[in-house]
Amino acid sequence: MNYKIFKLIFFFIPHHHIGGAERVHLNIIKALKYKPIVFFDYPNSDIISEEFSKNAYCFLITSNKRKEFAIRFLQISSCFLPVVLFGCNSGLFYNFVSKLKGKIKAIDLTHAFSFPEHGMEISSLPFVNLLDKRIVINSKTFNDYKALYKKNAIEKSLLNRFKIISNGIAIRDFDDCQIDSRFANFTIGFVGRNSSEKRPELFFEVVGQTKIKAKVIGDNFDNFKIDFPEVDYFENCNDPEIIRNQFSRISLLIVSSSREGFPLVIMEAMEMGIPVIATDVGSIAEHVINDENGFLSVVDKDFFLSFATLKIRAIIEDKELYRSLSLKAREHAEQNFDIKNFNKQYGELFYE
């Protein structure tokens, strides 16, 4: 990889807590030769996670004064050095792109459309001529953009600026003895934030119907703790090794989302040999193969509830089925999720 030309790289991302999208942003940052400067434009606290602080120079844009200072800094910088601006789900990013001139390269990333809500894919439309590259994580989101561009009469040639870069994770050593221990201590799990599109209430309905041991890894689940005190809750932790250790105790991951790009938690589960029951949204169907390494359901709430309950009961009665699902999930992760390709593509993107 050629890093001969030094460039100043600025990231614009909304959050500095660690969620699925934020872990992807961190992986992009780690793929770079030098630490970038990161502007957070939607900080929910003044405490920046250790992972971001270790890998980037981080600043919170919490006032107009800070915003004006940052714009001026970038304007001066771009007069002397090539500057790359990278934004994901950040209105601040498009605001800066529209105000800067000079040696600027602008790149944005879309994990998934926010439909039916008005999302950043809509807010970005006035700025598409200013974007040198647009990154999406799967062909589904690219096709969504093709339809959006057509609907808004945007020049078709601008679709050539899109590039698909799939997310990646580190593939670690795997001991298949874990499969037997997970089956013996069968635990269904939900990993993610408590938000409307994740639909955690469906997971808890599954818990209520199956009466199986359950674990939640995420934050802000107080509203469920009264009705489901028996569930094991692991919250408020940003340490990736501790989270991985907790995650590895789950036997079967439940993904009940109404929309997704491709959830990082599915990649992480499959890498650990944990099969998945998920809704068929985003590009999940490209990786979760029905009856082979997991199970796919339609989005409808009632159908998903009965489908997940039926599949869970079938799995816990058939150890060989569980073992086969687990081994094939791990095999798929080894063949498709290795972060080396992710690092190579992002390195080329920023330094080409």
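Every number in this text was worked out from the coordinates using simple rules, so none of it is lab data. Treat the numbers as computed from the prediction; the structure is a model and nothing was measured. FYI the Cβ positions are ideal-geometry reconstructions off the backbone, even for glycines, and counts take in every protein chain you see.
Things worth noting here:
- Too-long pairs where the Cα-Cα distance tops 27 Å, listed order kept, from Lys30/Lys67; Lys7/Lys198; Lys140/Lys301; Lys33/Lys101; Lys140/Lys319; Lys33/Lys163: Lys7/Lys198; Lys140/Lys319
- Each peptide in 164-173, 86-95 receives the mean, over its residues, of other Cβ atoms within 10 Å, and ordering these scores from highest gives 86-95, 164-173.
- Folded to 0 to 90 degrees: helix 200-210 orientation relative to the chain principal axis, Cα: 10 degrees
- Using alpha-carbon coordinates, inclination of helix 319-336 to the longest axis of the chain, degrees: 10 degrees
- Electrostatic tally near Glu121: other residues with Cβ closer than 13 Å to its Cβ, Lys and Arg +1, Asp and Glu -1, net +2.
- Net charge dipole, the range 68-199: roughly 640 debye, given to the nearest 20, about the Cα centre with Cβ charges of +1 for Lys and Arg and -1 for Asp and Glu.
- Burial ordering of Asp132, Asp219, fewest other beta-carbon atoms within 10 Å first: Asp132, Asp219
- Charge sum, other residues only, whose C-beta stays under 14 Å from Ala70's C-beta, Lys/Arg counted +1 and Asp/Glu -1: +3
- Restricting the range 91-155 to trypsin sites (Lys or Arg not before Pro) in coil, as DSSP defines it, with at most 16 other Cβ within 10 Å: Lys99, Lys101, Lys103
- Simple point charges give the picture: +1 on the Cβ of Lys and Arg, -1 on the Cβ of Asp and Glu, and for the chain a dipole about the Cα centre of about 1780 debye.
- Under 5 Å, built H, 5+ apart or other chain: amide partners of Thr187: Ser251, Leu252
- Helix-only [θ]222 nm of the chain, DSSP H runs n ≥ 4, -39500 (n - 2.57) each, per residue, nearest 500: -12000 deg cm²/dmol
- R0 of 35 Å, Cβ-Cβ distance Asp180-Lys344: FRET efficiency to nearest 0.05: 0.45
- Only Cα pairs under 8 Å and 6+ residues apart enter the sum, and on that basis the relative contact order of the range 168-255 stands at 39 percent.
- Between the helical axis of 339-351 and the longest alpha-carbon principal axis of the chain there is an angle of about 10 degrees.
- Total charge dipole magnitude, the range 177-336, about the Cα centre, Cβ charges on Lys, Arg, Asp, Glu only, Debye to nearest 20: 280 debye
- Prolate/oblate/rounded call for the chain, Cα gyration tensor, a/c under 1.5 rounded: prolate
- 3J(HN,Hα) couplings calculated from phi for the range 263-269 with the Karplus curve 6.51 cos²θ - 1.76 cosθ + 1.60 (θ = phi - 60°) are, in sequence order, x, 4, 5, 5, 4, 5, 5 Hz; Gly and Pro show x.
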